[in-house]
Amino acid sequence: MAKYTILEVSGESCANCLTLLPVVNRIAGARGIPVEHLEANEQNVQRVQALGIDRVPTLIVYRDGEEIARCTGYQPEEILELWLDAKTEE
């Protein structure tokens, strides 16, 4: 069985990011998918650039360590649920 993880990248002054994070945690938690939070700030600029992230919020879904999907910008909870389920179906 594949192991999924989600990387959630946000900015500290981004209202959409602050709204989205608890929703992502709830949706992923209900599916047993761990969420890693990455703050797009001066300390993490190299990692953010290496990931090719130019806007926040950004969600990246990994399957067994490989990126399989990416979503940028705020999405309603229902859309995120459908998107995540479609990406993690086996």
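The values are calculated or read from the model by the stated rules, or taken from the named source; none is laboratory data. As the structure is a prediction and not an experimental result, all values here were calculated from the model. Here the Cβ is made from the backbone with ideal geometry for all residues, glycine too, and neighbour counts use every protein chain on show. Ligands, DNA and RNA are excluded from the accessible area calculation, which covers all protein heavy atoms including side chains. Shrake-Rupley method; radii C 1.70, N 1.55, O 1.52, S 1.80 Å.
At-a-glance table
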{"read-out": "Residue tally, condition buried (at least 16 other Cβ atoms within 10 Å of the Cβ) and part of a strand (DSSP E or B), over segment 70-90", "value": "1"}
{"read-out": "Options 81, 8: the member that is in contact with a strand residue (DSSP E or B) (Cβ under 8 Å, 6 or more places away or on another chain), modelled with pLDDT of 95 or more and of a type outside the set (Val, Ile, Thr)", "value": "8"}
{"read-out": "Residue satisfying all of: in segment 31-47; of a type in the set (A, V, I, L, M) and out of contact with any Asp or Glu (no Cβ under 9 Å at 6 or more places or on another chain); modelled with the lowest pLDDT among these", "value": "45"}
{"read-out": "Conditions (1) part of a loop (DSSP other than H, G, I, E, B); (2) farther than 17 Å from residue 23 by Cα; (3) not hydrophobic (A, V, I, L, M, F, W, C): number failed by residue 46", "value": "(1)"}
{"read-out": "Flag if residue 33 is in a loop (DSSP other than H, G, I, E, B) and either open to solvent by less than 50 Å² (accessible area, probe 1.4 Å) or among the basic types (Lys, Arg) (or both)", "value": "yes"}
